[in-house]
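The values are calculated or read from the model by the stated rules, or taken from the named source; none is laboratory data. This structure is a prediction, so every number in the text was calculated from the model and none was measured. Cβ placement follows ideal geometry from the backbone for every residue including glycine, while neighbour counts extend to all protein chains displayed.
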Amino acid sequence: MKFLNSEEDPEYINLQTEMVWLQQHIKETNQRVIVLFEGRDTAGKGGAIMRFIRFLNPRLFRVVALSKPTEKEMGQWYFQRYIEHLPGPGEMVFFDRSWYNRAVVEPVMGFCTQEQYDRFKKQVVQLEQMLVEDGIHLFKFWFSIGPHEQKRRLEERVSNPLKQWKLSRVDVHAQAKWQEFTTYKEWMFQNTSTPLSPWTVINGNHRETARREAMRCILNKLEYPKKGSTGERLETDKNIIKTIKKTNGKPPWI
């Protein structure tokens, strides 16, 4: 599928218009929204966030992309540094990676102990339940790509000087530890996808399609006065996006 330049693409502009209307309603009704962007390295998390915020009012959203914890933060409750960034009334917060670092990346790479990992497993669902029950809209996106596509994108990062800043220690091991990442990811899906805070898995092998379907997911689930007035499709494509439930298996592309 070929897309026009985003500024010239009616579909993209319509989705962005719907996002602006949604943001205005969130402000007027003092709602709070959290969107977690997770996935393997090169899956397109940051690019998707950039699509979401392109025309939004910067005073009403924040993008949170935390670096590795400081020595002080390492001595705190694991979730504490994330809680500091929760949204206030009328605000949307986009997490470029989140507390789910401890579900996949940290245990695979040896960045946490078994005890820390086990404690996370006991606490994360309870934390999210408290957030949702307090009225926060919580979306959890996993952008999924295949090993060959990841390899291609990693090579692009190495060769493209505009993308070399994205290279990390985790990138170096992404392919060699593919199966380990898969094992922890599948545990995460089966044990942290709940009716209150389900995981939404998005086929990220085509970047632009994935970004637009992620936008549709939020626009479809939240209500706002002008919803659908652009005439754009807001229902998600079930061939691209799927909500994980413990009993329904997983799409072939995750």
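Being part of a helix (DSSP H, G or I) and of a type in the set (Phe, Trp, Tyr) is the filter here, so list the residues in region 96-142 that pass it. Spell out how you get there, then give the answer.
Start the filter on region 96-142 by keeping residues that are part of a helix (DSSP H, G or I), which leaves 99-102, 105-109, 114-133.
TRP99, TYR100, TYR117, PHE120 - these are the residues of region 96-142 that are part of a helix (DSSP H, G or I) and of a type in the set (Phe, Trp, Tyr).
Can we say VAL170 is at pLDDT below 90 and either within 17 Å of MET19 (Cβ to Cβ) or of a type in the set (A, V, I, L, M, F, W, C) (or both)?
Values: at pLDDT below 90: yes; either within 17 Å of MET19 (Cβ to Cβ) or of a type in the set (A, V, I, L, M, F, W, C) (or both): yes.
So VAL170 passes the test.
Scan region 210-217 and tell me whether some residue there is within 24 Å of ILE240 (Cβ to Cβ) and modelled with pLDDT under 95.
Taking every residue of region 210-217 in turn, none turns out to be within 24 Å of ILE240 (Cβ to Cβ) and modelled with pLDDT under 95.
Are any residues in region 193-250 under 18 Å from TRP21 (Cα atoms), loosely packed, with under 14 Cβ neighbours inside 10 Å and among the hydroxyl-bearing types (Ser, Thr, Tyr), and if so, which ones?
Once the filter is applied, which keeps residues that are under 18 Å from TRP21 (Cα atoms), loosely packed, with under 14 Cβ neighbours inside 10 Å and among the hydroxyl-bearing types (Ser, Thr, Tyr), region 193-250 yields only SER229.
From GLU73, GLU84, GLU91, which residue is in contact with a helix residue (DSSP H, G or I) (Cβ under 7 Å, 6 or more places away or on another chain) and without any contact (Cβ under 8 Å) to a residue 12 or more places away in the chain?
On the way: GLU84 fails: in contact with a helix residue (DSSP H, G or I) (Cβ under 7 Å, 6 or more places away or on another chain); GLU91 fails: without any contact (Cβ under 8 Å) to a residue 12 or more places away in the chain.
Only one candidate passes the filter, namely GLU73.
Identify all residues within region 52-67 that are of a type in the set (Lys, Arg), out of contact with any strand residue (DSSP E or B) (no Cβ under 8 Å at 6 or more places or on another chain) and touching a residue at least 12 places away in the same chain (Cβ under 8 Å); write none if there are none. Break it down stepwise before answering.
Within region 52-67, the subset of a type in the set (Lys, Arg) is 54, 59, 62.
So of that shortlist, the ones also out of contact with any strand residue (DSSP E or B) (no Cβ under 8 Å at 6 or more places or on another chain) come out as 54, 59.
Of everything in region 52-67, just one residue is of a type in the set (Lys, Arg), out of contact with any strand residue (DSSP E or B) (no Cβ under 8 Å at 6 or more places or on another chain) and touching a residue at least 12 places away in the same chain (Cβ under 8 Å), namely ARG54.
Given (1) buried (at least 20 other Cβ atoms within 10 Å of the Cβ); (2) over 20 Å from PHE189 (Cβ atoms); (3) not charged (D, E, K, R), identify the lone condition not met by VAL63.
Looking at each condition in turn, VAL63 falls short on (1).
Of all residues in region 77-95, which are among the aliphatic types (A, V, I, L, M) and in a helix (DSSP H, G or I)?
Result: ILE83, single match.
Would you tally the residues in region 94-104 being touching a helix residue (DSSP H, G or I) at 6+ places or on another chain (Cβ under 6 Å) and either surrounded by fewer than 19 Cβ atoms within 10 Å (Cβ to Cβ) or more than 18 Å from ARG59 (Cα to Cα) (or both)? Reasoning before the result, please.
In the first step, residues of region 94-104 are kept if they are touching a helix residue (DSSP H, G or I) at 6+ places or on another chain (Cβ under 6 Å); the result is 94, 96, 99, 102-104.
Now restrict to residues that are either surrounded by fewer than 19 Cβ atoms within 10 Å (Cβ to Cβ) or more than 18 Å from ARG59 (Cα to Cα) (or both): 96, 99, 102-104.
The total comes to 5.
Checking GLY46 against (1) more than 24 Å from GLU223 (Cα to Cα); (2) of a type outside the set (Val, Ile, Thr); (3) crowded, with 21+ Cβ neighbours inside 10 Å; (4) in contact with an Asp or Glu (Cβ under 7 Å, 6 or more places away or on another chain), which test does it fail?
In the conditions (1) more than 24 Å from GLU223 (Cα to Cα); (2) of a type outside the set (Val, Ile, Thr); (3) crowded, with 21+ Cβ neighbours inside 10 Å; (4) in contact with an Asp or Glu (Cβ under 7 Å, 6 or more places away or on another chain), GLY46 misses (3) alone.
Collect the residues in region 184-213 that are among the aromatic types (Phe, Trp, Tyr) and in a helix (DSSP H, G or I), keeping them in residue-number order.
TYR184, TRP187, PHE189
All but one of (1) at pLDDT below 95; (2) of a type in the set (Lys, Arg); (3) within 25 Å of MET50 (Cβ to Cβ) hold for LYS177, so report the exception by its number.
The number of the failed condition is (3).
Got at least one residue in region 28-43 being among the small types (Gly, Ala, Ser), on the phi < 0 side of the Ramachandran plot and either exposed (fewer than 15 other Cβ atoms within 10 Å of the Cβ) or in a helix (DSSP H, G or I) (or both)? Show your work before the answer.
The first filter runs over region 28-43 and keeps only residues among the small types (Gly, Ala, Ser), leaving 39, 43.
From the residues that got through so far, the ones that are on the phi < 0 side of the Ramachandran plot too are 43.
In the following step, the residues that additionally are either exposed (fewer than 15 other Cβ atoms within 10 Å of the Cβ) or in a helix (DSSP H, G or I) (or both) were identified as none.
No, the conditions are met nowhere in region 28-43.
Which residues, taken from region 113-132, are free of Cβ contacts under 8 Å to residues at least 12 places away in the same chain and either within 25 Å of LEU60 (Cβ to Cβ) or buried (at least 20 other Cβ atoms within 10 Å of the Cβ) (or both)? Lay out the reasoning, then the answer.
First, pick out the residues of region 113-132 that are free of Cβ contacts under 8 Å to residues at least 12 places away in the same chain: 113-115, 118, 122, 126, 130.
Residue satisfying the conditions is MET130 alone.
Report yes if ILE34 is within 30 Å of GLU232 (Cα to Cα), modelled with pLDDT of 95 or more and of a type in the set (Val, Ile, Thr), otherwise no.
So ILE34 passes the test.
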